[in-house]
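Asks: Below you will find the structure I want to go over with you.
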Amino acid sequence: MDLPSHIARLHGLFRLPTQVTFDIKIRDTQRCRKYLQFANAGAHQGPSLKNLALKVLGRPIKQSRVSSVEDAIATMELYRNAEADIEQEQGK
């Protein structure tokens, strides 16, 4: 089977939407005013995730190996902890 006829056959089997849209709202816990007090002195950016987890959540992260899952869980907990403030500051 040649490629054009194979593509036509697949196109008949699968119906794809003509337009895919993504509505992604980015929220940055690092820029939340409630958390700015936890930034390192002289830092030109907000507080690190490691500092926020320790000082706000009361638990250390990144003790040995870096884990993206551990980072994502901590980030989500921080967001939920200050969700109303973050939405008010960064919501559109």
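Asks: How much of the accessible area of the stretch 18-78, probe 1.4 Å, is carbon plus sulfur, in whole percent?
Replies: Summing carbon and sulfur atoms, their accessible area is 51 percent of the total for the stretch 18-78.
Asks: Using θ = phi - 60° and the Karplus curve 6.51 cos²θ - 1.76 cosθ + 1.60, what whole-Hz ³J(HN,Hα) does each residue of the stretch 69-83 get, with Gly and Pro shown as x?
Replies: Values per residue, Gly and Pro as x: 5, 4, 4, 5, 5, 5, 4, 5, 5, 5, 4, 5, 5, 10, 4 Hz.
The values are calculated or read from the model by the stated rules, or taken from the named source; none is laboratory data. Owing to the predicted nature of the structure, the values given are computational and were not obtained by experimental measurement. Heads up: the accessible areas ignore ligands, DNA and RNA and are worked out on the full protein's heavy atoms, side chains in. Shrake-Rupley method; radii C 1.70, N 1.55, O 1.52, S 1.80 Å.
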